[in-house]
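The values are calculated or read from the model by the stated rules, or taken from the named source; none is laboratory data. Note that the coordinates shown come from a computational prediction; the quantities given were computed from them, not determined experimentally. Heads up, the Cβs are rebuilt from the backbone with ideal geometry, glycines too, and the neighbour counts pull from every protein chain shown.
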Amino acid sequence: MKKVLLIALMIMICLHSFSQDSIQHIDNNQPIKSVVIQKIDSLQDSKIDRIELNLTQFHHETRKSQFFMYVGTLLTMYGAFNQPSNNKPNYLLFAGCLSNFIGGVIYLDSFKYLNFKHKIPGKKVHFDVD
C-alpha cells in the first residue's frame, strides 16, 4: 500500500512540475495587433487568376462529361433490359454507347486546362500558367 501511495505521489509531483502555467490572461475580445503586409505583385495576381480560370473550366468540362456518361449509362441499361421481341436493332443501346463515348472524350479533353507536362526522367517539371 505504501508503494502505491509513493508512486501516486511521485506521479502527481511530476504532472504538476511538467504542466504549463499561464501567467498572462488572454483576452479574446482584443483585436490582433500584428498585421502582415505583403507587396502586391500584379504578375502573381494574374497567374493566380489564370489558375483559377483553368480550374473553373476544368470543373465545367468534367461536369459536362459526367452528364453525358450518366445519360449514356442510363440509355444503355434501358436499351439492354428492354430488348424488342423481333430482331430489329435497339437504337437506345447504340445511343447510350455513343453518349458514353462522347462523355469519355470530353472528360479526357478537360485535362488540357490543367497544363500537365510529361515527366521526363532527369528533367525538372515546369508548369505553365500563361
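Being modelled with pLDDT of 85 or more and farther than 16 Å from ASN54 by Cα is the filter here; which residues of region 101-130 pass it?
Taking region 101-130 first, the residues modelled with pLDDT of 85 or more are 101-112.
Within region 101-130, PHE101, ILE102, GLY103, GLY104, VAL105 qualify.
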How many residues does region 65-113 contain that are surrounded by 14 or more Cβ atoms within 10 Å (Cβ to Cβ) and of a type in the set (A, V, I, L, M)? 9
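Please indicate, with yes or no, whether at least one residue in region 1-15 is part of a helix (DSSP H, G or I) and modelled with pLDDT under 60. Talk me through it step by step, then tell me what you get.
Keep residues of region 1-15 that are part of a helix (DSSP H, G or I), which gives 2-15.
Still in the running and modelled with pLDDT under 60: 14-15.
Yes, the conditions are met somewhere in region 1-15.
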